[in-house]
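Below is one structure; the comments refer to it alone.
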Amino acid sequence: MKSAYIIFLIILNLFELSAAVTGFYYQKKIKDTYWKFFPPFLLLIFIFEITAEIFNLGFGMPDVNLALYKYIIIPGQFLFYFWLFYKYFEGLKVQKIPIYFALIYITALVFDHFQTFHTNPWFHDISYTIGAIMIILAIFQFIAVFIKSDELIQFKTSMMFWVSVGLLLFFAGSLPYWLIRSYLVNFPEIGNGLVILQFCLNYIMYICFIISFKWGRPKLQYI
């Protein structure tokens, strides 16, 4: 399974890089909006994940790998997505909702770091679970706004629509796996199948990001 895992990981890295490159390719149409930060963000995720993998698989230093994911990669992604929803809701009464979600996640992250009654050898799963739920709630808020807007008529060109689809499929699909991952040690066949499923959900999410750059026309909210 290890060799197959590495192959799936490389494919994921290629999807991450492809999404970042696509974003930079279409930088001209997003350069005057908050979406211009999306390609650099995706590139940073790619760089940090490659770095984490080198420490783990190349140097045999899994602790560094775990630290990068616990304190930089996973928190960085959650906070960026909350910020993205915050910018999308600019000018609306619900704009502050993503801030509240972010504060709840940060509180859970701090709690997860110091709590001792439940420890996960891989990552902070309590805060991850709460963060995923907050992202899903933010997506539901987006849907509530989206269906009442003019964007609904031409949903294909909405960047946030495609990003939200990708995030929803990934977080809603992967959340059950992270909740039971610690208990799958004695069921390797089920565990391996779910690992593959997580990779596939990741691939779909980055495909949605790529579509958002290719088809999307960003709303004219400026920095």
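The values are calculated or read from the model by the stated rules, or taken from the named source; none is laboratory data. These numbers come from a predicted model, not from an experiment. Note that we place each Cβ from the backbone using ideal geometry, even for glycine, and neighbour counts take in every protein chain shown. For accessibility, only protein heavy atoms count, side chains too; no ligands or nucleic acids. Shrake-Rupley method; radii C 1.70, N 1.55, O 1.52, S 1.80 Å.
Close contacts from segment 45-68, counting a first residue that is in contact (Cβ under 8 Å) with a residue 60 or more places away in the chain and of a type in the set (Val, Ile, Thr) and a second that is open to solvent by 40 Å² or more (accessible area, probe 1.4 Å) and not in a helix (DSSP H, G or I), with Cβ to Cβ under 7 Å and a gap of 6+ residues or different chains, come to none at all. Taking the criterion of being in contact with a helix residue (DSSP H, G or I) (Cβ under 6 Å, 6 or more places away or on another chain), open to solvent by 20 Å² or more (accessible area, probe 1.4 Å) and within 30 Å of residue 158 (Cα to Cα), would at least one residue in segment 52-66 satisfy it? No - not one qualifying residue is present in segment 52-66. Using the structure shown, decide if residue 10 is without any contact (Cβ under 8 Å) to a residue 60 or more places away in the chain and surrounded by 14 or more Cβ atoms within 10 Å (Cβ to Cβ). When the stated conditions are applied, residue 10 does not pass them.
Scanning for something modelled with pLDDT of 95 or more and either more than 19 Å from residue 212 (Cα to Cα) or among the small types (Gly, Ala, Ser) (or both), does segment 20-33 turn up at least one residue? Yes, segment 20-33 has at least one match. Could you identify the single residue in 143, 135, 147, 153 that is modelled with pLDDT of 90 or more and surrounded by 16 or more Cβ atoms within 10 Å (Cβ to Cβ)? The match here is 135. For segment 15-37, the candidate set comprises residues that are within 16 Å of the chain's Cα centre (by Cα) and without any contact (Cβ under 8 Å) to a residue 60 or more places away in the chain; within that set, the residue that is least open to solvent (accessible area, probe 1.4 Å) is 20.
Can you confirm whether residue 79 is within 17 Å of the chain's Cα centre (by Cα), within 20 Å of residue 34 (Cα to Cα) and open to solvent by 50 Å² or more (accessible area, probe 1.4 Å)? So residue 79 passes the test.
Does residue 212 satisfy the condition of being at pLDDT below 95, touching a helix residue (DSSP H, G or I) at 6+ places or on another chain (Cβ under 7 Å), crowded, with 17+ Cβ neighbours inside 10 Å and under 29 Å from residue 53 (Cβ atoms)? No.
When the helices (runs of 4 or more DSSP H) confined to segment 6-86 are screened for residues that are closer than 16 Å to residue 162 by Cα and out of contact with any strand residue (DSSP E or B) (no Cβ under 6 Å at 6 or more places or on another chain), those reaching at least 2 such residues are found at 38-53.
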